[in-house]
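Worksheet for the structure shown next.
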Amino acid sequence: MIQLTNSICEALICGDWRLIPVESLDGSNNVIRRCPECHATIKLMKQGKDGQRAHFEHNKRNPECSLGNSLGKQIKYDHSSVKVIAKDREDSFTFENLLSLCIGSDEVINDGEIGEDIIDLLESPLSDSEKRLEINARVGQGKFRQEVIRVWGSETCALTLTPVKEMLVASHIKVWRNCENTTERLDGANGILLCAHIANLFDKHRITFRKVGREFRLKLADDLDRSLMTQLGVNEGDALATGRMHKADFEKFEDYLSHHVKIFSQLNDINTL
């Protein structure tokens, strides 16, 4: 899998937004492009003589986009996504020759920012009620959170057993934007209730849980300070409290977690068991 960087942009090709390396668009000046994270307009930069890879820069710097350059003078920023009309989609079929150079979304590691995922939802063809349902799921609230609590059998942190609900976040195991459909995004077996600081580490694949027998034990990224993690109640080898899960939910949870472990392993350059 490939880590999403500003060397990959989205281009309107054959009616859909598709991920494609910036260098593959050299000479295709009429292709409509956008940032794959914030969907703002971009300009393409060729490979530099100093060896810098071809990449994109935002036409107007977005300080909230992780793929942009946050350096320089702070200015007021009003976000605007690239807009396309029916004719743009029709014209995009003239770039069919670029299809073979595109990258599948399932090949890219992109944890995504909540704000950008919500923008995607608001621009989707879903009904208003469906949008509300998925937005709540993305922020770990609403039906998704209740389903996670039901599957785990407790409204406590699955690792530390902390019962303070204001501290707990329902995190997706298989990244929200990589889920195949709404069913996966709302599936309680695709969620885990964790204290907020642990949830943030989990969401960024800085920690994961690897199967040891029938238990799932905490694994830390190699470069995390073990002493500091212990002070925060994050101890390598601690097991998740999966004892209240039903068999069917446990099996689905294990399948979802395999996606998380795979990305963790690739990002942290370790081998999975």
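None of the figures in this text is laboratory data; all of them are computed from the coordinates on show. This is a predicted model, so every value here is computed, not measured. So basically every Cβ, Gly included, is an ideal-geometry build from the backbone, and we count neighbours across all protein chains shown.
The figures follow:
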| quantity | calculated |
| --- | --- |
| Theoretical gain in end-to-end length, ILE85 to LYS46 [0.36 nm per residue, Cα-Cα removed] | 11.2 nm |
| Label-point separation in nm, ASP255 to SER154, each point 7 Å along Cα→Cβ | 2.6 |
| Gain in span if fully extended, ASN30 to LYS204, counting 0.36 nm per residue against the direct Cα distance | 59.1 nm |
| Stretchable slack from CYS14 to ASN97, in nm (0.36 nm times residue separation minus alpha-carbon distance) | 28.9 nm |
| Taking the C-alpha atoms of the range 151-224, convex hull volume expressed per residue in Å³ | 108 |
| FRET efficiency estimate (nearest 0.05) - Cβ-Cβ, SER66 to VAL212, R0 35 angstrom | 0.55 |
| Total formal charge among the other residues, if their Cβ is under 14 angstrom from that of ARG217, Lys/Arg +1 and Asp/Glu -1 | 0 |
